[in-house]
1. Filtering the range 41-58 down to residues that are crowded, with 20+ Cβ neighbours inside 10 Å and under 18 Å from the mean Cα position of the chain (by Cα), which residue is modelled with the lowest pLDDT?
2. State whether one or more residues within the range 106-127 are surrounded by 11 or more Cβ atoms within 10 Å (Cβ to Cβ), at pLDDT below 90 and farther than 21 Å from residue 153 by Cα.
3. Return the total of residues in the range 59-72 being more than 26 Å from residue 95 (Cα to Cα) and at pLDDT below 65.
4. With surrounded by 13 or more Cβ atoms within 10 Å (Cβ to Cβ) and at pLDDT 80 or above as the only criterion, which of 183, 143 stands out?
5. Scan the range 94-113 and report the pairs whose first residue is in contact (Cβ under 8 Å) with a residue 60 or more places away in the chain and whose second residue is not hydroxyl-bearing (Ser, Thr, Tyr), with Cβ atoms within less than 7 Å and a gap of 6+ or a chain change.
6. The conditions are (1) in a helix (DSSP H, G or I); (2) free of Cβ contacts under 8 Å to residues at least 40 places away in the same chain; (3) out of contact with any Leu (no Cβ under 8 Å at 6 or more places or on another chain); (4) of a type in the set (Gly, Ala, Ser), and residue 48 fails exactly one of them. Which is it?
7. Can you give me the number of residues within the range 8-27 that are in a helix (DSSP H, G or I), in contact (Cβ under 8 Å) with a residue 40 or more places away in the chain and surrounded by 16 or more Cβ atoms within 10 Å (Cβ to Cβ)?
Amino acid sequence: MTRDEFLSRLKRGLAGLPVSSASEILTDYEAHFDDGLAAGRTEAEISAKLGDPDRLARELKAEAGIQRWHQEKNPSAAAGAVFAVLGLGALDILILLPILMGVIGIMFAVLCGVVIGFFGGAVIMIAAPFSVAPGGIAATILAGLGVMAGSTFVGALLAISTILLVNGLVWFARLHYRLLKPALETNAEPMGARS
């Protein structure tokens, strides 16, 4: 993405902020591009490092709403802060929740397949001496062990995938927490001062 594309998308996303705040933010991001170009990076590299301008605009608007609440402490500022944060989270819920539910459903189905495969392999292995299977008893026992080993391998891949998914969700939650942290800290200080 070029500098002009990034800045125009950021500017569109900042609509609704006071003009002075939006122009100050745009000036900051123009400076990021100037510094990056001076360091020898391309516009595409700089914009990739800065992230998605639409998401960035939502986060900046949410942060501005929270700062406005801290400065003004009136119902209008409170509503602005709440709607800005909800707007940030609502888009995440509308887009990410269905994807996350689908991924969790697939992972659960794979887990069921792993358990069924493992116990099915055990049944094949145990039943080998009592059945007349092609290849004999040894082949049936080895087939059962193979099914159990395959299920164990898929279970290990599922465990790694689950760890990566949880780490990704924790990272995503921390990203949002960093946005809300200043508001939480300033609200906690007066309570601690009263103790």
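The values are calculated or read from the model by the stated rules, or taken from the named source; none is laboratory data. What you are looking at is a predicted structure, and each value in this text was computed from that prediction instead of being measured. In this analysis, Cβ positions are derived from the backbone assuming ideal geometry, glycine residues included, and neighbour counts consider all displayed protein chains.
1. 58
2. Within the range 106-127, one or more residues are surrounded by 11 or more Cβ atoms within 10 Å (Cβ to Cβ), at pLDDT below 90 and farther than 21 Å from residue 153 by Cα.
3. Result for the range 59-72: 2.
4. It is 143.
5. 103/165
6. (2)
7. Step one: of the range 8-27, the residues in a helix (DSSP H, G or I) are 8-13, 19-27.
From what is left, the residues that are in contact (Cβ under 8 Å) with a residue 40 or more places away in the chain are 9-10, 12-13, 21.
With the extra rule that they be surrounded by 16 or more Cβ atoms within 10 Å (Cβ to Cβ), the set shrinks to 9-10, 13.
So the count comes out to 3.
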